[in-house]
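Everything on this sheet refers to the single structure shown next.
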Amino acid sequence: RRPLDATAGGGEAVPMQDHPDFFSAVAALGAIERLDVEAMRLLYRVECSGEDFYNLLAERIGNAEAAALLRRNAREEYGHAERVRRAIGLKLGREFTVPPEDQIRYPVPLPETIPPELFPVIVQGESDGDRGYQRWAAAEAHPEIQRLLRLNAREETVHGERVTRVMALLREAAAGDQ
């Protein structure tokens with residue numbers, strides 16, 4: 001039996017991992033106060049899918065310098081997933097090998113042309129991610145898991161700062177095109 005984390009539109013419970021896409025899975029994480037192993041497995045998948053999210057943005061942005069910043073975020077999202085994998089192992093008391101079902105990334109539905117209005121939402125999402133990781137670290141008893149979660153928290157803020165820089169680069173490019 002799988003843990004339940006949310007209710008779907010009709011009020012029925014939804015298994016922890018069952019989300020239609022990246023954005024739905026991210027929203028589910030926001031409601032989690034403490035990370036048990038199942039929640040950490042969801043977090044692992046979200047962070048892996050975050051790599052895809054940033055790479056897709058980079059492919060569609062049309063600005064090489066901005067794309068490089070987004071790809072850096074992508075690499076670090078995968079690094080977050082690896083920290084979460086290590087934290088799961090610590091919680092279990094043994095090395096954690098990611099099962100095949102947790103290696104399936106969530107689809108990331110993005111438009112072919114990225115609207116500028118999306119970037120402030122991403123910055124807010126990264127800020128929310130920092131707060132979420134801080135909340136989970138504060139609720140965690142294991143010192144090494146706390147440390148790993150806090151490392152991820154700090155990098156979420158850095159990601160938001162990079163996205164703010166992407167916005168500036170895109171504004172400068174648009175002003176130069178006029």
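Tabulated data
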read-out	value
Relative contact order (%) - criterion: Cα under 8 Å, at least six apart; region: the chain	23 percent
Among 80, 142, 19: highest mean-square fluctuation, GNM of the chain, C-alpha pairs under 10 Å	142
Carbon/sulfur fraction of accessible area - the range 56-171, other protein chains in place, 1.4 Å, %	56 percent
Cα-based helix-to-principal-axis angle, 64-92 vs the chain, degrees rounded to 10	0 degrees
The chain - charge dipole about Cα centre, Lys and Arg +1 at Cβ, Asp and Glu -1, debye rounded to 20	560 debye
Degrees, to the nearest 10: 143-177 long Cα axis against longest axis of the chain	20 degrees
Equivalent ellipsoid dimensions for the chain as semi-axes, Å, which come from the Cα gyration tensor, largest first	30, 18, 14
Euclidean distance of C-alpha centroids, the range 20-91 and the range 125-178, integer Å	11 Å
Loop trypsin sites (Lys or Arg not before Pro), the range 34-141 (other Cβ atoms within 10 Å of the site Cβ: 13 or fewer; DSSP)	34, 94
Surrounding net charge for residue 34, when Lys and Arg each add one and Asp and Glu each subtract one, Cβ distance under 9 Å	-2
Cubic angstrom per residue, convex hull over Cα atoms of the range 40-99	61 Å³
Surface per residue (accessible, 1.4 Å probe) for the range 13-153, Å²	46 Å²
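The values are calculated or read from the model by the stated rules, or taken from the named source; none is laboratory data. Being a predicted model, the structure only gives us computed values, none of them experimental. Because the Cβ atoms are built from the backbone with ideal geometry, glycine has one as well, and the counts that use them run over all protein chains shown. When the accessible area is computed, the model is the full protein with side chains, heavy atoms only, and any ligands, DNA or RNA have been set aside. Shrake-Rupley method; radii C 1.70, N 1.55, O 1.52, S 1.80 Å.
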